[in-house]
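The values are calculated or read from the model by the stated rules, or taken from the named source; none is laboratory data. Because the structure is a prediction, the values reported are computed rather than measured. Here the Cβ is made from the backbone with ideal geometry for all residues, glycine too, and neighbour counts use every protein chain on show.
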Amino acid sequence: MKFFIPEAKDNIQAEEVYSAILKNNNGIKINKRIFKISFYDDEKRIIAEVGKQIDGNNKTGNQKVIAIVETETLYCIFLPTRGILSDAPIYVGKNESNIQIEYFD
C-alpha cells in the first residue's frame, strides 16, 4: 500500500500533515510508516488501519485513523481527537504480545 493521509488532497499535503503530527508530538523519530496494526486490549482484538475506523474499539466513535507511528518503545495511533486536535494518541506498547504490523510500501 502506498503511503497516504486520509483526506489529504495530494502527496505534498500528506507529507506536510505527517510531519506536523511528528513535530507536534515531541518530534517523534520513526523508522517505517505503518499502514495497519492489530493487537489485543483486555482480550479483545483491535485492528487500526489508516483511513478506516478502529475495528473492535467502540470508545473512538466514527473517527478514521489518520496515522500510525512507531517510536522506540510504542506504537501511536492518531485519530482526530486522539493526538491530532486534542488529547494523546492511543498508545500500544511494543512489548505487547500478538501485535501484527503491516507497513506502507
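Observations, loosely collected:
- Residues in segment 69-88 that are farther than 13 Å from ASN24 by Cβ and acidic (Asp, Glu) were compared, and the one that is modelled with the lowest pLDDT is GLU72.
- Within segment 17-73, restricting attention to residues that are under 17 Å from TYR103 (Cβ atoms) and of a type in the set (S, T, N, Q), the residue that is farthest from the chain's Cα centre (by Cα) is ASN31.
- Residue within segment 9-16 that is of a type in the set (A, V, I, L, M, F, W, C), farther than 16 Å from GLN100 by Cβ and modelled with pLDDT under 90 present: no
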